[in-house]
Amino acid sequence: MKNTINDKVKDIMSIVLEISKKNIGEDTSVSNVSAWDSLKHMNLIVALEEAFEIEFDEDQLVEINNYKKIVEVISLLI
Amino acid sequence: MDTYTNILKENSDKQNFLGNAPIYSIRVLSNITVNQLKDFLEVLLRRNKINAHITFGDYNNIVQNSLNSNDYHAVIIFWEIINVIEGLHYRIDLMNKKEIDQLKKNLKEELKLVFKNLKTIPIVLFNTFSSYFVCQHYFPSELEKVSAELNQFLSNNKPDNFTIIKLENIFSDIPYSEIFNHRFFYSSKALYNIKFYEQYSNFVAPIFLSILGKTKKAIIFDCDNTLWKGIIGEDGIKNLKMSKNDKDGAIFEEIQYLAKYASRKGIIVGLCSKNNHEDIDEVLKNHSDMVLKNDDILIKKVNWKDKTTNLVEIASELNIGIDSLVFIDDSEFEINLVKQQLPEVKTIMVPRKLYNYPIVFRKCLKLFYNHSVSEEDKYRSKMYKAENERSRFKQQFQNIDNYLKNLALLVEVNINDITQIARIAQLTQKTNQFNLTTRRYTEKQILFFMEDINSRVFSFSVNDKFGNYGTTAVIILSKQNSVFTVDTFLMSCRIIGRNIELNIFDWLVAYVKQLKEDEIYMSYIPTKKNLQVSNFWDQIGAQKIYKKGEETIYILKLKYFSTKGKGYITLRENYHEKYNK
């Protein structure tokens, strides 16, 4: 289960943020991906919510600014 | 529906695929955040081989940005009334009349500036002002009244290159809860959900396709269970249902009315059906419930051959690209076959839930959007019909020259004829085959050529014993670095194959000689569709001088030119030269 989430999140992040999937790891975050600005963050949220059929709450929207946290929050929601 | 992630992925793949193809640049100016529009609209245009690149102006800076948007092919404007002042949608109801009047006055001034700044862009899409975000009242709210007044101002004062997009037409396809993104509106001024961007893109894409000559031209129907309920071979002609006296028949009656109306508007309507020819003829002629008649149907392929072969023949007989066809059938097998073998053809499957058929069909008619609607559209179907009669006449003659001699061809030349602007712009937008440079122009740009002292626009209309083909050829001549250059030379496919181009070119040479010039430059720019004219300048006797990217530049020394026109074509000049040059 966790592995499929990991993989799906990486797929989506690589497409939305236009980075290579194999470069996405535990420490991938807003601070080290230059394309990850506020507009792209919005696109990422839309893509993740659609793909996992979930809705992040207000706090989570701010929290999920790195790969690790995204997987963690999604695991809670599904 | 494609997921958002799939759209992003497909769009990026398509971008790599289109690579260095010429860019079609679209600038979006807005007072809200609309960046998610980018991928939805780009992918629709890129699917049609248009290398669209969408960029955005600064947030909430429409007027200033309109000043420096001149280099774009197109501009789209999202001017949301609810955000012209932050919180206007709730503040307006407590504003007094003076404040509201001042607000309207300011906005009208700003609109005028934007009109002025963007009037040279080939096309500007301007969304209507809408209060739909807060439309919960029984009586018109202030916001609604202000929007209505501004929309009136917009339609009264907009320049010709502005096309108004009625947002309500797009909203009506989406449930209210899916149009607006309240979460992102309050946090980031991103007003709309992706569902809206998807629908918006579907709505406006045909406008760009039309301008770029990629509009659909013909709609080809299967017959059984597509134009009527029932199968001739099983139910018999008498039992076909296509009238409102029958529950399902009513749906097919509506479809036939829509198709007949489409044919009157110049859309080609054809049949492609596996049936006995005589049976279909019998239905068309004698079934009292048929709305579509022989006269409305331009081409019929009723036989037992496979549908892809028939569709290819249809495109070739009509002299239009296979990608100009829309095909409607009730059989999944046929639809998939065509999808697989002829992916350029737009296929539409009659919905299983029949009550959805009229909606699906009305949506399909949007693909035929025509940016410059000219008078001739109404007669187009009639003219194609005359073409079929000509084909029959042609079979009586063995030798093509003998055939042409008997046509009594007459070509009339008009110079800078402003009454023809709509038609000329439309020809530049639609003509793909006999088109040496395939440069697409709007009406504004054509007018600019006519007014410019250094250029001339020649339009040619053609007649023969079967009737008038109307304006079907265009040459734009423009002086660049003190030498006359043929910027555009195109002929509609309706008149190809009659050697008219030779007489037209002879005439052009004589015209330029009389201006005391001794050479003309011309060029050929290859596209997927204009291969048939790749040697045209060589045939004329022009010399290749160099290549600039894809473009090959030629020169013709007029003193070495020998005329090539045919004696059986008469050419007559009409003097409409309004601008004395």
Matching strands (runs of 3 or more DSSP E) fully within the range B:123-239 where at least 2 residues are under 30 Å from A:H41 (Cα atoms) and away from chain A (no Cβ under 14 Å): B:123-127
Would you please name the residue that is nearest to the other protein chains (Cβ to nearest Cβ), looking only at residues in the range A:33-43 that are over 13 Å from B:A190 (Cβ atoms) and crowded, with 17+ Cβ neighbours inside 10 Å? A:W36
Mind listing whichever residues of the range B:135-163 are touching a residue at least 40 places away in the same chain (Cβ under 8 Å) and either more than 31 Å from the chain's Cα centre (by Cα) or outside the structural domain of B:Q102 (by TED's automatic domain parsing) (or both)? B:S141, B:E142, B:L143, B:V146
Just one of (1) touching a Cys at 6+ places or on another chain (Cβ under 7 Å); (2) over 22 Å from B:G230 (Cβ atoms) trips up B:L271, so point out which. (2)
Among (1) modelled with pLDDT of 90 or more; (2) assigned to a helix (DSSP H, G or I), which single condition is B:D487 missing? (2)
Quick one: is B:I500 out of contact with any Lys or Arg (no Cβ under 9 Å at 6 or more places or on another chain) and either under 27 Å from B:N402 (Cβ atoms) or not acidic (D, E) (or both)? no
Among the candidates B:Y441, B:Y403, which residue alone is aromatic (F, W, Y) and under 22 Å from B:G467 (Cα atoms)? B:Y403
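Table: residues versus (1) exposed (fewer than 15 other Cβ atoms within 10 Å of the Cβ); (2) within 13 Å of chain B (Cβ to nearest Cβ); (3) in contact with a strand residue (DSSP E or B) (Cβ under 7 Å, 6 or more places away or on another chain).
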position	(1), (2), (3)
A:I5	no, no, no
A:K8	no, yes, no
A:V16	no, yes, no
A:I19	no, yes, no
A:K22	yes, no, no
A:E55	yes, yes, no
A:I64	no, no, no
A:V71	no, no, no
A:I74	no, no, no
From the list B:L167, B:L113, which residue is in contact (Cβ under 8 Å) with a residue 40 or more places away in the chain, within 26 Å of B:K363 (Cβ to Cβ) and under 31 Å from the mean Cα position of the chain (by Cα)? B:L167
Somewhere in the range B:320-328, is a residue closer than 17 Å to B:W228 by Cβ and buried (at least 20 other Cβ atoms within 10 Å of the Cβ)? yes
Within the range B:306-322, does at least one residue satisfy the condition of being farther than 26 Å from B:K49 by Cα and of a type outside the set (K, R)? yes
Just one listed residue, out of B:N48, B:N106, B:N61, B:N96, is modelled with pLDDT under 90 and surrounded by fewer than 19 Cβ atoms within 10 Å (Cβ to Cβ), and it is B:N48
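Let's see how each residue does on (1) crowded, with 17+ Cβ neighbours inside 10 Å; (2) closer than 26 Å to B:M450 by Cβ; (3) more than 32 Å from the chain's Cα centre (by Cα):
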| site | (1), (2), (3) |
| --- | --- |
| B:V474 | yes, yes, no |
| B:N481 | no, yes, yes |
| B:V486 | yes, yes, no |
| B:F489 | yes, yes, no |
| B:I540 | yes, yes, no |
| B:K547 | no, no, no |
Exactly one condition in (1) closer than 27 Å to B:L191 by Cα; (2) surrounded by 15 or more Cβ atoms within 10 Å (Cβ to Cβ); (3) within 11 Å of the chain's Cα centre (by Cα); (4) more than 12 Å from chain B (Cβ to nearest Cβ) is false for A:L48; which is it? (4)
Answer yes or no as to whether A:T28 is more than 14 Å from chain B (Cβ to nearest Cβ) and touching a helix residue (DSSP H, G or I) at 6+ places or on another chain (Cβ under 9 Å). yes
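May I ask you to say which residue of B:S130, B:S141 is buried (at least 19 other Cβ atoms within 10 Å of the Cβ) and over 13 Å from B:K108 (Cβ atoms)?
So the residue among B:S130, B:S141 that is buried (at least 19 other Cβ atoms within 10 Å of the Cβ) and over 13 Å from B:K108 (Cβ atoms) is B:S130.
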What helices (runs of 4 or more DSSP H), lying completely within the range B:399-466, carry at least 2 residues that are within 17 Å of the chain's Cα centre (by Cα) and small (G, A, S)? B:421-430
Pull up the range B:220-268, narrow it to residues that are of a type in the set (V, I, T) and at pLDDT 95 or above, then point me to the one that is surrounded by the most Cβ atoms within 10 Å (Cβ to Cβ). B:I220
Does any residue of the range B:497-511 turn out to be touching a residue at least 60 places away in the same chain (Cβ under 8 Å) and part of a strand (DSSP E or B)? no
Residue that is surrounded by the most Cβ atoms within 10 Å (Cβ to Cβ) [pool: residues in the range B:8-20 that are within 11 Å of chain A (Cβ to nearest Cβ) and under 23 Å from B:L212 (Cα atoms)]: B:N11
Just give me the residues in the range B:1-16 being touching a helix residue (DSSP H, G or I) at 6+ places or on another chain (Cβ under 8 Å) and not aliphatic (A, V, I, L, M), in sequence order. B:D2, B:T3, B:Y4, B:T5, B:K9, B:E10, B:N11, B:S12, B:K14, B:Q15
Restricting attention to the range B:21-59, which residues are within 14 Å of another protein chain (Cβ to nearest Cβ) and more than 18 Å from A:S38 (Cα to Cα)? B:V28, B:F40, B:E42, B:V43, B:I54
Consider the range B:549-575. How many of its residues are in a strand (DSSP E or B) and either surrounded by 12 or more Cβ atoms within 10 Å (Cβ to Cβ) or among the hydrophobic types (A, V, I, L, M, F, W, C) (or both)? 12
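The values are calculated or read from the model by the stated rules, or taken from the named source; none is laboratory data. Computed from a predicted structure; not experimentally measured. Note that each Cβ is placed from the backbone with ideal geometry, even for glycine, and that neighbours are counted across all protein chains shown.
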